[in-house]
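The values are calculated or read from the model by the stated rules, or taken from the named source; none is laboratory data. This is a predicted model, so every value here is computed, not measured. Don't worry about glycine lacking a Cβ; one is built from the backbone with ideal geometry, like all the others, and counts go over all protein chains shown.
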Amino acid sequence: MKTTLRATLALAFLLSLPAQAADWKAVEKTETYAVTGTTGMELYASIGAKGPLLGQTRAIAYTTFDLKWSRDYRPQPDGSCTLVSGKPWLTITYRLPKPSRTLPAPLAQNWKRFITGMTAHEKVHGDHIKEMVERIIATTVGVNVPDDAGCRRIREVLQQPLAEASLEQRARSNAFDREEMSPGGNVHGLILELVNGG
């Protein structure tokens, strides 16, 4: 009897815990756009003409995400409101170039090195996005707002940590791009190898 009671109480405690980062998993998918060429220079020129358009500039590759939330706001006996759980539904999409035709052997090897490196670069952006979501969970789940029996003010209060997490993610991604694309950076090196390799 005592063992059963302990087990029941333990289960109740676990069910009452806020959702943690381990409770969710991002969906990651890759989309491609077609490029053409029989040399590294031609392939890179095709990327420049057909890559994802970001403002006035075309990118080699790009990472986007769609983030939705399932949140449980609960009024408390003292008239306050607590966010007791928050589960994200995150889809990350990597957009990368892909040759429209089979490449000849030497160029195919150069392309493989290039696209493997670019994929790894975009995956870092994906990691930044997942870490943003984990930060949102850590800074919002468990937040309690007094005098909010209708659980309305808490939604406004949570806008600040949400905005801070988003701004941090953008800043990290921008800084990473600057480092990778600067002379001597990883992406800069991948481009030179592709263009000069054949």
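Could you please find all residues in region 51-84 being at pLDDT below 95 and over 23 Å from H128 (Cβ atoms)?
Q56
Out of region 91-114, which residues are of a type in the set (A, V, I, L, M, F, W, C), out of contact with any Asp or Glu (no Cβ under 9 Å at 6 or more places or on another chain) and assigned to a helix (DSSP H, G or I)?
A105, L107, A108, W111, listed by residue number.
Results for (1) of a type outside the set (D, E); (2) modelled with pLDDT under 95, shown as yes or no for each residue.
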{"site": "A138", "(1), (2)": "yes, no"}
{"site": "G150", "(1), (2)": "yes, no"}
{"site": "R153", "(1), (2)": "yes, no"}
{"site": "E156", "(1), (2)": "no, no"}
{"site": "L162", "(1), (2)": "yes, no"}
{"site": "A175", "(1), (2)": "yes, no"}
{"site": "S182", "(1), (2)": "yes, yes"}
{"site": "V195", "(1), (2)": "yes, yes"}
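Which helices (runs of 4 or more DSSP H) does region 120-198 wholly contain that include 3 or more residues that are closer than 27 Å to D23 by Cβ and of a type in the set (A, V, I, L, M, F, W, C)?
Numbers: elements: 153-157, 159-181, 186-196.
Counting at least 3 such residues, we get 159-181.
Filter region 35-49 down to the residues that are surrounded by fewer than 15 Cβ atoms within 10 Å (Cβ to Cβ) and either within 18 Å of E122 (Cα to Cα) or within 20 Å of the chain's Cα centre (by Cα) (or both) and list them by number.
G48
Which one of these does G117 not meet: (1) surrounded by fewer than 19 Cβ atoms within 10 Å (Cβ to Cβ); (2) of a type outside the set (F, W, Y); (3) touching a residue at least 40 places away in the same chain (Cβ under 8 Å); (4) not in a helix (DSSP H, G or I)?
(4)
Name the single residue, out of those in region 69-114 being touching a residue at least 60 places away in the same chain (Cβ under 8 Å), under 19 Å from G189 (Cβ atoms) and out of contact with any Phe, Trp or Tyr (no Cβ under 7 Å at 6 or more places or on another chain), that is surrounded by the most Cβ atoms within 10 Å (Cβ to Cβ).
F114
Take region 153-166 and flag every residue that is closer than 16 Å to A138 by Cβ and of a type in the set (A, V, I, L, M, F, W, C). Don't jump to the end; show me each part of the working.
Taking region 153-166 and keeping what is closer than 16 Å to A138 by Cβ, we get 157-158, 160-166.
Passing the criteria: V157, L158, L162, A163, A165.
Do you know which of the residues in region 50-67 that are over 19 Å from the mean Cα position of the chain (by Cα) and not in a strand (DSSP E or B) is nearest to F114 (Cα to Cα)?
Going through the qualifying residues, I end up with G51.
May I ask you to list the residues in region 50-68 that are over 30 Å from P99 (Cβ atoms) and surrounded by 11 or more Cβ atoms within 10 Å (Cβ to Cβ)?
Within region 50-68, just L67 meets the criteria.
When you go through L158, L162, L190, L194 one by one, which is the residue that is surrounded by 12 or more Cβ atoms within 10 Å (Cβ to Cβ), touching a strand residue (DSSP E or B) at 6+ places or on another chain (Cβ under 8 Å), over 17 Å from D127 (Cα atoms) and of a type in the set (A, V, I, L, M, F, W, C)? I'd like the intermediate steps shown before the answer.
Details: L162 fails: touching a strand residue (DSSP E or B) at 6+ places or on another chain (Cβ under 8 Å); L190 fails: touching a strand residue (DSSP E or B) at 6+ places or on another chain (Cβ under 8 Å); L194 fails: touching a strand residue (DSSP E or B) at 6+ places or on another chain (Cβ under 8 Å).
Sole residue among the options that is surrounded by 12 or more Cβ atoms within 10 Å (Cβ to Cβ), touching a strand residue (DSSP E or B) at 6+ places or on another chain (Cβ under 8 Å), over 17 Å from D127 (Cα atoms) and of a type in the set (A, V, I, L, M, F, W, C): L158.
How many residues does region 103-117 contain that are out of contact with any helix residue (DSSP H, G or I) (no Cβ under 7 Å at 6 or more places or on another chain) and small (G, A, S)?
Within region 103-117, residues that are out of contact with any helix residue (DSSP H, G or I) (no Cβ under 7 Å at 6 or more places or on another chain) and small (G, A, S) number 2.
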